[in-house]
1. Set the Förster distance to 56 Å, then compute FRET efficiency between A:V128 and A:A253 from the Cβ-Cβ distance, nearest 0.05.
2. Which value, in debye to the nearest 20, describes the size of the charge dipole of the protein assembly as shown about its Cα centre when Lys and Arg Cβ atoms bear +1, Asp and Glu Cβ atoms bear -1, and nothing else is charged?
3. At 4 °C and a viscosity of 1.567 mPa s, what translational diffusion coefficient does Stokes-Einstein give for segment A:260-317, taking Rh as the Kirkwood radius over Cα pairs? Give it in µm²/s as a whole number.
4. Return an integer: the convex hull volume of the alpha-carbon atoms of segment A:315-391, in Å³ per residue.
5. Semi-axes of segment B:84-133's equivalent ellipsoid from the Cα gyration tensor, sqrt of 5 times each eigenvalue, largest first, rounded to whole Å?
6. Restricting attention to the alpha-carbon atoms of chain A, what are Rg (one decimal) and Dmax (integer), both in Å?
7. Name the residue from A:Q100, B:V116, A:Q65 whose Cα lies farthest towards the positive end of the charge dipole of the protein assembly as shown, charges +1 on Cβ of Lys and Arg and -1 on Cβ of Asp and Glu.
8. Let's see if you can work this out: charge +1 on each Lys and Arg Cβ, -1 on each Asp and Glu Cβ, no other charges. What is the dipole magnitude of segment A:209-346 about its Cα centre, in debye to the nearest 20?
Amino acid sequence: MHSVSRRQALSPRRLVRLSTAAAALLACQASAWADGPQFRFSGFGTLGVAHSTNKQADYTANFDQPSGPGYSRSWDAGLDSKLAGQMDVTFSSKFSATAQVETRRRYDASFKPDLMLAFGKWQATPEVSVRLGRLPYPAFLISDYREVGYSQTTVRPPVDFYQGVFPRRFTGADVTWRTSVDSVALKAIGFYGKELAKLPNGIEIDFTRVYGLNLSADVGDMNYRISYMDFKFNPSSAQLGAVFQGVAFGFPAGALGTGSPAIPGDPALANAYYRPGMHTFYGSLSANYDPGDWFVNSEVAMAQAVSFFPQRQFYYVTSGVRLDKFTPYATVSGMLAENFAVTGHPVVDQILAGSQASSQRTVGIGLRWDAVKNVALKTQFDSVKLDTGSTGQFANVQPGFTPGSRIGIFSLAVDFVF
Amino acid sequence: MTTNFKHPLRLALLAASAVLCFSQAHAAQAVVVSAKSTVPAMTPDQVSQLFLGKTSTLPGGVAAVLIDQPEGSPARDEFYTKATGKNAAQMKALWSRLTFSGAAQPPKVVAGPAEVKKAVADTPGAIGYIDKGAVDGTVKVLLTLE
């Protein structure tokens, strides 16, 4: 603080000192106001419609959506539309809390609001933070902001890659460590928890243990990311439970249709595909370049075979050019499911065949227009090609559906943040 | 930067440029911290990563507190274009990711260069940007983006 002497003339230097003193005084007041908890409300949403050229199956963006455009609706406003509000409370430089409520089409077809996030955060050191509560599941690059359309160039994360990714969140803890070495920014996130994921048709998957680690490095405009995720889960479905009960204890003659032969029980086979405490893992790699005027994002991932889910490989590359307020872009993506070995059990083989015949590839083009502040308009066309014999990742597949077909998806969306 | 104020004429010019800063579209931006800060300097890459939310500490390990100027202000647009190569919409998209994944909250926004100077003088670890012409003895310049 500078003292003011009466003997000094009103020099420029003195004026500067006076204003510095005044500024310091004001700043003291500002810091006094900042002492209590600080509240911040914000949110995001999307209004979108989508249309499918195929009327015999539904296109869905997320595994937990029971329907989409195609069979259920010609034009669907429920595929991408959503609204979310978030409250952040900062108690001090070390402690804060966040809650986010979202409404979107859920597993039960309703738009009932859902508490997506609810956690407390402790900034233990400038480089280490710990979060506890309901957290986003940080599987892949876009996973923890996949709902935020405004934050992405495309209408939705590449469906071939992201449609089957769940759980979307978990209850537990994560630890983030950030540091930098020269001009390389490094981040490591480790997480541990559990989650009950609800899916359409009464299926619940109780993830009794999820944990994982992801590491990322930013070098100039390049970003690299590597992740590993591990799950232990209990599948729960009345329908599948009954089927595998039959596999374990045998089907009497006629149980699988008129004239069907008796099938002897095979407890070991049932146990291999449907039992509590199943274990699996995912791994992924990502490389991204974004100097501002253009960008390219890419990810590859692998999921180990477990239960009636085959081993799968996922990939996508998205690139776009930013021309002032317009961003034309293109995406190439795919999900390739490998074949299971034939077990020789007619019921099990039928389930496995249905599950593995899901490979699909997509080429998409689109345009993002940052029309006004905090609002982006998007239009996108995706051409989905199913592999031979595959019904892809479509839901509500009807008997008239032709496996291996090519399907066009047209989307319009308005994304906003507030 | 107290040496800047030895010449009354120079001061007058600086004051004039400070007043004009809202209308200047292409003014150099100075990345500033408190004059008392021990941080020596920052590279353009370090400033970019900090304001893109990729790092959270100043060189030396102090937790950084980012100070922004208002949305739509020429100083803000100029700073992000020069420091990160990204425009206002891209920065908004980026902070939407960080905010709604619960990873971080956006920088504190203050009214203008005078308030940036107050904030960095008052808050340990605070770092902001102001027109080069608004620099005075209360702040220390870590990088100038011409």
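1. Step by step, r from the Cβ atoms, then E = 0.30.
2. Using Cβ point charges on Lys, Arg, Asp and Glu, the protein assembly as shown gives about 1780 debye.
3. 87
4. In segment A:315-391, the Cα hull volume divided by residue count equals 103 Å³.
5. Listed largest to smallest, the semi-axes of segment B:84-133 are 23, 15, 8 Å.
6. In Å, with Rg to one decimal and Dmax whole: 26.3, 114.
7. Of A:Q100, B:V116, A:Q65, it is B:V116.
8. Roughly 440 debye for segment A:209-346.
Every read-out reported here was derived from the displayed coordinates using simple, explicitly stated rules and does not represent laboratory data. Model, not experiment: these values are computed from the prediction. Every residue, glycine as well, gets a Cβ built from its backbone with ideal geometry; the counts of neighbours run over all protein chains shown.
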